[in-house]
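The values are calculated or read from the model by the stated rules, or taken from the named source; none is laboratory data. Source: prediction; values computed, not measured. In this analysis, Cβ positions are derived from the backbone assuming ideal geometry, glycine residues included, and neighbour counts consider all displayed protein chains. Only protein heavy atoms, including side chains, enter the accessible area calculation; ligands, DNA and RNA are left aside. Shrake-Rupley method; radii C 1.70, N 1.55, O 1.52, S 1.80 Å.
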Amino acid sequence: TAPERDNFEHELLKVCSEKGIPVLGVCRGLQLMATHYGGKISEIKGHAGKTHEIKARLNRVMPLASRDSVNSYHNFGVKECDVGGELTIIAVSVDGIVEALAHKKFPQAAIMWHPERMDPFDARDTALIKEFFK
């Protein structure tokens with residue numbers, strides 16, 4: 001836990017919401033966004049140091065399609081049933097862990113995988129980031 005970091009990041013997300021500043025969270029950023037908007041984080045198994053498939057559900061916010069493989073470096077995640085009411089699920093893993101989400105009103109979205117740690121870098125992540133911040 002890092003209470004000072006959490007408090008700072010919650011305040012930062014609040015300011016971004018008030019000013020309409022786009023936010024794209026990565027991994028812990030998704031967890032923070034979920035808790036900021038009333039969701040809950042749970043300990044999960046089988047995600048740390050692995051790759052896994054994701055299934056896209058909603059394509060309104062970012063150009064995201066289902067993928068055979070994204071990386072995963074976390075032991076905590078957000079279950080589908082624990083997403084706050086202000087957020088929309090965009091993609092999930094096959095075991096029901098949220099892999100991408102977005103705010104219903106603000107320009108805020110998040111993903112659980114680390115595009116910067118892909119080797120080779122996946123061009124779909126570049127397109128996703130460019131589209132989100134266009």
Quiz prompt | Search result, residues across region 15-38 that are on the phi > 0 side of the Ramachandran plot and surrounded by fewer than 14 Cβ atoms within 10 Å (Cβ to Cβ) | solution = G20, G38
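Within region 59-66, does at least one residue satisfy the condition of being of a type outside the set (A, V, I, L, M) and buried (at least 16 other Cβ atoms within 10 Å of the Cβ)? So that I can check it myself, show each step before the final result.
Initial filter on region 59-66 (of a type outside the set (A, V, I, L, M)): 59-60, 63, 66.
Now restrict to residues that are buried (at least 16 other Cβ atoms within 10 Å of the Cβ): none.
No.
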Quiz item: Can you spot a residue in region 105-113 that is open to solvent by 10 Å² or more (accessible area, probe 1.4 Å), in contact with a Pro (Cβ under 9 Å, 6 or more places away or on another chain) and of a type in the set (A, V, I, L, M, F, W, C)?
Solution: yes
Quiz item: In this structure, is D6 touching a residue at least 40 places away in the same chain (Cβ under 8 Å), surrounded by 14 or more Cβ atoms within 10 Å (Cβ to Cβ) and not polar (S, T, N, Q)?
Solution: no
Quiz item: Counting only residues that are buried (at least 18 other Cβ atoms within 10 Å of the Cβ) and of a type outside the set (G, A, S), which one in region 39-56 is nearest to the chain's Cα centre (by Cα)?
Solution: I54
Quiz item: Within region 81-127, can you find the residues that are part of a helix (DSSP H, G or I), modelled with pLDDT under 95 and either among the acidic types (D, E) or closer than 18 Å to H52 by Cβ (or both)?
Solution: P115, E116, R117, R124, D125
